1. Taking the Cβ of Gly404 as the centre, find all other residues whose Cβ is under 14 Å away and add up their charges (Lys, Arg: +1; Asp, Glu: -1).
2. Using only alpha carbon pairs under 8 Å that are at least six residues apart, calculate the relative contact order of the stretch 322-456 and give it in whole percent.
3. Counting only protein heavy atoms and using a 1.4 Å probe, what share of the accessible area of the stretch 295-348 belongs to carbon plus sulfur, as a whole percent?
4. Below 30 Å, Cα to Cα, which lysines can Lys60 reach? Residues fewer than 8 away in the same chain don't count.
5. Select one label from [x] 143; [y] 158; [z] 207: the one whose number is volume of the Cα convex hull per residue in Å³ as derived from the coordinates shown.
6. Could you order the peptides 221-227, 328-334 from most to least packed, using the average number of other C-beta atoms within 10 Å per residue?
7. Which value in deg cm²/dmol, rounded to the nearest 500, describes the helix-derived mean residue ellipticity at 222 nm for the chain, given -39,500 (n - 2.57) per DSSP H run of n ≥ 4 and division by the residue count?
8. Give the peptides 310-323, 174-187, 55-68 in descending order of average Cβ contacts within 10 Å, highest first.
Amino acid sequence: MPQETTYLELSEVDGGAHKFYEVVVDDARMTVRYGRIGDQGQVKTTSYPDNARARAAAAKKIGEKVRKGYAPAVLGVRQKRAVSRRQIVSTRSTARTAPVLWRYHSGAPAFGIFVDGRTCMVGNERGVITTLDHQARVLDQVRLPDGVKCIVADDDWIYAGCDDGNVYDLSGKIPRVAYAIAPDIDIYWLDIHDGVLGVSDADGGIAAIDHEDEFLWRRAGRGQSAWMVRCDADAVYHGDSTGVSGYDWRTGHQLWHTRTGPVLFGWQERDAVFAGTASRDVVRLDKDGRTARRYHADAPVFSCATASDGRYVFAGDSHSSIYCFAADGTRLWKLGTDCGSAYSMQYHDQRLYLVTTSGYLACVDASEPAIRAAQAGDRPEVVDVKAPARLPEPAAYTQVEVVGDGGDGVVVECVEHGGRLRVHVLSTGYHRDWSVQFPKGIREPGARYLVTEVREAGRGGFYRAYGDIRRLR
């Protein structure tokens, strides 16, 4: 029986939607592939009792898309839209050089950074994420399909948001798609708290998405170029070309708006949010929107961070300089990075970690003795860390090993509920009515999977699959 393929596209001239939808019927199996034009997209395969039922299901899917404006197209005629990136010229700092202990060149400009007590991670515009320890030894490297926008953590889970519109869970041996953002959203930044994902975009919009990557709400915002989004238990904090707004995470109702100048980066602590601005300030806002303090730099601020106790506020500008301010606004020092402007930064244990326009992950000794020595011209010899000889091949994100019924782990089952595929835990000791955050690319109706671990997470009552996933025969 010949294979039947229907390929549709929806591309709007005003820069809105630019996405495809493909349906393939092969005997009694229907495969749907969808996503942004030019990307591989997400794939779902469903089996039916016979070819007639598979064709009927395909016709229903195609009809739904045509009614939404999709039309038949030829694959490859329309090209992938360019991804929005910061177009800047990073100049060399005229300040004395900071005490950089070591630096790793990732191979491309880098936005993504994550630092904890064990490791440091950098993700660059080529989609490569490299993990090092604090002694600058390369531990691991993975390659995602597209450029890394940011790396964020939600308790023990670490996620990477990428230019392909997907958010990848990095907790297993291979990354898997945890969230698939709508193709018409040109992502600028992401943050996550208790499974609720905040997404800011090129058009200045803001959206909140739950653990099943379903929209809780979406708002247009007040300006353009929304580079800031931060989430906590009460609100989503959003920064665009006009300033910073707070939104109720449940409803999307705007709680407040404060004009700060164009926002280029956002950071938060328990009681405050910080906005790095093109107006050369880091603006500290209380979480009710009141301006508490301004920290003035000498050039537009690309990134900012704080010490966990709030004692210091750090900033990185477009001229390859980094700053440290006291909590009261006093500038304590300004030094050059000697490896580009800091797109993102994070402070940990008296060290300031930067990822830069030149593609470096740099570790700066931010202790008071080291800074005093650097200001006097005495700094350590920087260690240049060698990258692995070869880049890893992109992982097969939608493939799983098929195993027998034995083995340690938690058994989950994929079931159809309300027209959508949900995953529930079958093993004892879990709430049977709670869903599991589980990669959509490997879900099949009725399939059972063995998961390394399932942990309770999120304010809405759900679980996350953690570690390796294998399908049971």
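1. So the surrounding residues net to +1.
2. Relative contact order, the stretch 322-456: 13 percent.
3. Ligands and nucleic acids excluded, carbon and sulfur give 47 percent.
4. Leaving aside lysines fewer than 8 places away in the same chain, those within reach of Lys60 are Lys19, Lys44, Lys68, Lys80, Lys440.
5. Correct label is [y].
6. 221-227, 328-334
7. After summing the helix terms and dividing by residue count, I get -1500 deg cm²/dmol.
8. 310-323, 174-187, 55-68
The values are calculated or read from the model by the stated rules, or taken from the named source; none is laboratory data. All values derive from a computational prediction rather than experimental measurement. Heads up, the Cβs are rebuilt from the backbone with ideal geometry, glycines too, and the neighbour counts pull from every protein chain shown. Protein only, heavy atoms only, side chains kept; ligands, DNA and RNA dropped before computing areas. Shrake-Rupley method; radii C 1.70, N 1.55, O 1.52, S 1.80 Å.
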